[in-house]
Structures are given as structure tokens and as C-alpha cells.
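J.: This is the structure I have questions about; it appears just below.
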Number of protein chains: 2
Amino acid sequence: MAQRDNPARRGRLSRPRVLAAAVALVDREGLAALTMRRLAADLGVEPMALYRYTASKEALLDGLVEAFFAEVNERLRTSAEQARADSGAAPVEPPWRAELRRIARAFACVVHAHPEILPVVATRPLAVPVARRPQPWLQLTEHMLSVLGRAGFDDPTVLTIYRTFAAWTLGCLLVDKRQVVDDSEEPDLMLRLGLHRLPAADYPRLRALVPRFSEYDDERELMAGLDSLLSRLPEAPLDAFYGGGAP
Amino acid sequence: MAQRDNPARRGRLSRPRVLAAAVALVDREGLAALTMRRLAADLGVEPMALYRYTASKEALLDGLVEAFFAEVNERLRTSAEQARADSGAAPVEPPWRAELRRIARAFACVVHAHPEILPVVATRPLAVPVARRPQPWLQLTEHMLSVLGRAGFDDPTVLTIYRTFAAWTLGCLLVDKRQVVDDSEEPDLMLRLGLHRLPAADYPRLRALVPRFSEYDDERELMAGLDSLLSRLPEAPLDAFYGGGAP
DNA sequence: CAATGGGGTTTACGACGTCTACTGCGTATG
DNA sequence: CATACGCAGTAGACGTCGTAAACCCCATTG
């Protein structure tokens, strides 16, 4: 019946279109709203039609991760020339460090654009083995490994840097996005944070510090932490060219 | 009918019992197996009986987090006297650093005991506001904040250290537990990792490095990273007593 | 013009979370 | 000693979910 309503029913769907709709739905109404039926409705299609483009709902979640990293890669590409323009001004740090910083920033940026996807990005790799990760993830990882390799690090060190980077970036964003506000309608700060629920005798420091959570500068701390983590490492042979590391 | 079979049907359940059964079920068969019906069956009870002890399935997930941190706290308590015994031997580092290290170790330990719960612990705080977090989480956080406060740090610094610690610890464990093996039945290493799926031309470094993932020493890197993150911070006034920080 | 097959539909099934109504035991009360 | 109460668990039903199987229709191709 629906096929009569819409004469151009052929080729309405495609994997990119499905993934884009999924991301949009999750952005708009949260992860819990992502349902095969709901997503199909958004696309003006019967639920089973989606199964031509995704093997299962689990695979659809992996599709979210795919879309996420595709966007990270995209952002990296578009910010590449700008980075090249800046490179003449401050060549004090080795390019591999600048590149890691750039990637961390792009990652953070995409997380802020799609905060609801973060839990999926954080936890899906726990279930899907490396070789089955979505292509954009593989590309980004390959890129990082090759940048570090070209900087002259040996294999174990490359691995350490990569994992350190991934852990810190992911952990930071996860902690940044933790819910602190309780009742967002409430005008009074203490009540908005729900602190009246915390017995003052048991949690004095918590009550004192939670209101200051908003003062925290996420991106600054992300970068600062990255710096201290990387400064522990043995210098790459080629770093000497650039003044021997961060200022 | 079931009440005739079991004469002592009263008081079979309790919140701790329900949570323990949930943890056991998740440990045994994974998160996806955690179903109200299945959990009820494990407890020899009708599904709706669970709702006396948990408001919803979402609340049950928060219950998993509660059980998780209760176990962390428990492990901290039992390892306390051992730490006190060691303290005479190597008093070179300030107690707040030793305490953070101890907490990280306990956390990692519980994650290894219940790896399937990690995704819940990592992502639930994204949905539940601070003041509504389970009591064991509140206790642990209060403990950390108070230890840091007693060390002489001012409030913003306490917050920075706390968040840095949380981000790094969580990120590390998340990255450590990522699935790398594809087909665990396969004897050949390359095939077991599923690397034949990766086009050699596109992902040379990935193919070269993935086999070395197993060489990584998780706990060592966790502690090492923690050290470099904390060494960036301004020293606490009281650190002078202990030789001015880490060796 | 008949055969092919890809893209989307229809229908159906079982499992899930949870609402409402209930039932029977243990206890406290008169 | 009888009775009313309320807590803990049961019974059954409802709506929604993911998805398997069979189908149908249209565009292409020989």
C-alpha cells in the first residue's frame, strides 16, 4: 500500500542514510529511543527494510561507532590545512605530538556534537574484536600508529603511546559528561544539584565540592593531562630536530 | 502453587540477595543475559517479586554499580592493615599518593573479578546525577576528597586530582578490556586475531602491532600513567614531610 | 516479453519490562 | 483466642521490542 503513496520507493534507503538517521535520532531523543521500528518510521519505511543495511540491532550500534569515527576523520581532514598554516609559527614541538593533540581535539569535538553516542563509543569495543571494528576506526588507528612509527618509536613504545592516548582521551570525555545536575528546573543551586539528598554529616566534602564542578575547564585538562602522560616517555630519536619536546 | 512447594517462601528475597544474584548472573552469562525474568528464575521467584527491591530495570543496573563499589570499598578495608604494615618500610611518598594508588589497584581488581560489569560502571554515571549515585560510590568519593583535602590541596586542585584520577583509571581499564581476539578456537595467531580481514595494503602497522597487544602490562601502565599525571600538579603543602613527592 | 533479483512489505512469533489485581502468611491487636 | 492488617510474593495481561519467513513489485536484462 505504501508503495503506491510514494512512487519513488526504490532506492530510498542506503547505509549512509540509515546511519545518519540513526545518529540524528539518538542526538534528538537519546539512545533509548533508537529502535528499529522508530528508526524505520523516521525514514518512512517498514522496520524490516533496515535489515538490508544492518545485520542486527547490535550491528546498528556498531554503525553508530562507524558514523562517529567517520566524523572524527572528516574533521581531521578539514582541519589539516589550518594546522599546516600554523606549523610555521610554532615548530617547537615534534609533529607526532601536535598530531595527537589534533586528534584528541577532534574526538572531543565530535563527542560534544553527539554526546548521546559516547556510551556506545566507549563500550562497543569491549564486544567487537579489533579486526571487526568499523573501517573509520581502523583508518584512524592506522594513522596514529604510522605517525608514531615515523617519529622513530619502536613497536612497544608505539603501542604504549597509543593505548595511553586512547585511555586518557576516552576517560576524560566520559568523566566530563557525567551527569551532575539533578533537577534542572530548580533555580536554587543546592537543590538543582540535589545536594539536599546527601546527609551533611556523612558527605561534607562532596557537598562542598560538587557545586564547583562547573568551574572545570574540560579541554584544558584534557590537553594538560595528555602532555604529562607523554612527557614520561622516552624521546623519539627524531625529536631532537624540534627542540627536544614540549617547551 | 509455588508457595505450597516451598514452606519458607517469606523473606527469601532481600536487596543484597537480589544484587548478588544479578552480579553472579552477569559474571556467568554476560550483561545481555540480565533479564528481570531470568534473574527471577535464578532466585526461584516470579519476575514481579523483584520490583519490591528495585524500582525498575534501570535501577537494577544502578544496583550493579552499587554492588561493584561496595566490593571496591570492601577490598580497600581489608587491604588497609596490610598497607599500614608496609608504611614503615617505604615512607618516601606522601600518604595521599599511596592512597590513590591503593584505590586504583582495588578498582582494577574488582574490574578483573567482574569484567562484564565494567560497561555499566563506565556509562551509568552519564545518566544518574551525582546526588543520586549509589551509597558506596558516594562513600568512596567522599573518602578520596577528604584524603586530598587533608593533604593540604585547595578545592580546585582537589577537584582536578579527583577527576584526573577517575578519568585515567576508568579509561585504562576500558582500553585494557577491549576485545582483540576474533576467533578464540583458531590455533594460528594471525587467524585468531582475525587479521586476514585487514587488507595488508591499507593497514600495515595495525597488522604488525595487534599481535603485540598481549605483551602489554596493564597494571604497570596504570600506575605509571597515574604517576606522571599526578607529578604535574602543584605539590601539597604537607608533602615536604615525605621527601617532596615521588622518588 | 519472460526471467531475474534487488528493495521493501506483510505477517507472525517469542521475549522483554512492567501494570493491576490478587492471595495467603505472620503479626499485632481487641 | 479471634480478627484485622499489611507485607511478600503470585497471576495474568498488555504493549513493545528484535527479527525470521514468505511475499510482492518494479527495473533491468537477455
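J.: Considering (1) at the interface with chain A (Cβ under 7 Å from one of its Cβ atoms); (2) at pLDDT 95 or above, say which one B:Thr157 fails and leave the rest.
T.: Only one criterion in (1) at the interface with chain A (Cβ under 7 Å from one of its Cβ atoms); (2) at pLDDT 95 or above is unmet by B:Thr157, namely (1).
J.: Taking only region A:208-232 into account, find how many residues are touching a residue at least 24 places away in the same chain (Cβ under 8 Å), within 19 Å of the chain's Cα centre (by Cα) and more than 7 Å from chain B (Cβ to nearest Cβ).
T.: 5
J.: Across region A:168-207, what is the total count of residues that are open to solvent by 50 Å² or more (accessible area, probe 1.4 Å), more than 7 Å from chain B (Cβ to nearest Cβ) and either more than 23 Å from B:Gln139 (Cα to Cα) or in a helix (DSSP H, G or I) (or both)?
T.: Total satisfying the criteria: 11.
J.: Taking the options A:Ile117, A:Ile161, name whichever one is open to solvent by less than 10 Å² (accessible area, probe 1.4 Å), aliphatic (A, V, I, L, M), under 15 Å from A:Glu66 (Cα atoms) and in contact with a Leu (Cβ under 7 Å, 6 or more places away or on another chain). Break it down into steps so the answer makes sense when it comes.
T.: On the way: A:Ile161 fails: under 15 Å from A:Glu66 (Cα atoms).
Only one candidate qualifies: A:Ile117.
J.: Any idea how many residues of region A:224-243 are open to solvent by 20 Å² or more (accessible area, probe 1.4 Å) and at pLDDT 80 or above?
T.: Total meeting the criteria: 5.
J.: Spot the failing condition for B:Arg150; the list is (1) within 19 Å of B:Arg77 (Cα to Cα); (2) more than 9 Å from chain A (Cβ to nearest Cβ); (3) not aromatic (Phe, Trp, Tyr), and only one is missed.
T.: Tallying (1) within 19 Å of B:Arg77 (Cα to Cα); (2) more than 9 Å from chain A (Cβ to nearest Cβ); (3) not aromatic (Phe, Trp, Tyr), B:Arg150 fails exactly one: (1).
J.: Across region A:48-65, what is the number of residues that are near DNA strand D (Cβ under 9 Å from one of its atoms), open to solvent by 40 Å² or more (accessible area, probe 1.4 Å) and either away from chain B (no Cβ under 14 Å) or among the β-branched types (Val, Ile, Thr) (or both)?
T.: The total comes to 3.
J.: Moving to a separate point now. Going through A:Arg163, A:Arg207, A:Arg197 one at a time, which residue ends up being more than 30 Å from B:Arg205 (Cβ to Cβ) and at pLDDT 95 or above?
T.: A:Arg207
J.: Kindly provide the set of residues from region B:126-147 that are more than 7 Å from chain A (Cβ to nearest Cβ) and part of a helix (DSSP H, G or I), ordered by number.
T.: If the condition is that a residue be more than 7 Å from chain A (Cβ to nearest Cβ) and part of a helix (DSSP H, G or I), then B:Gln135, B:Pro136, B:Trp137, B:Gln139, B:Leu140, B:His143, B:Met144, B:Val147 are the ones that fit.
J.: For region B:120-133, which residues satisfy the criterion of being in contact with an Asp or Glu (Cβ under 7 Å, 6 or more places away or on another chain) and open to solvent by less than 20 Å² (accessible area, probe 1.4 Å)?
T.: Scanning region B:120-133 gives B:Val128, B:Pro129, B:Ala131.
J.: Do any helices (runs of 4 or more DSSP H) lying entirely in region B:1-66 carry at least 2 residues that are away from DNA strand C (no atom under 12 Å from the Cβ), at pLDDT 95 or above and within 17 Å of the chain's Cα centre (by Cα), and which ones are they?
T.: Output list reads B:15-29.
The values are calculated or read from the model by the stated rules, or taken from the named source; none is laboratory data. As the structure is a computational prediction, the values presented were derived from the model and not from experiment. Neighbour counts are summed over all protein chains in view; Cβ atoms, including those assigned to glycine, are modelled from backbone coordinates with ideal geometry. Heads up: the accessible areas ignore ligands, DNA and RNA and are worked out on the full protein's heavy atoms, side chains in. Shrake-Rupley method; radii C 1.70, N 1.55, O 1.52, S 1.80 Å.
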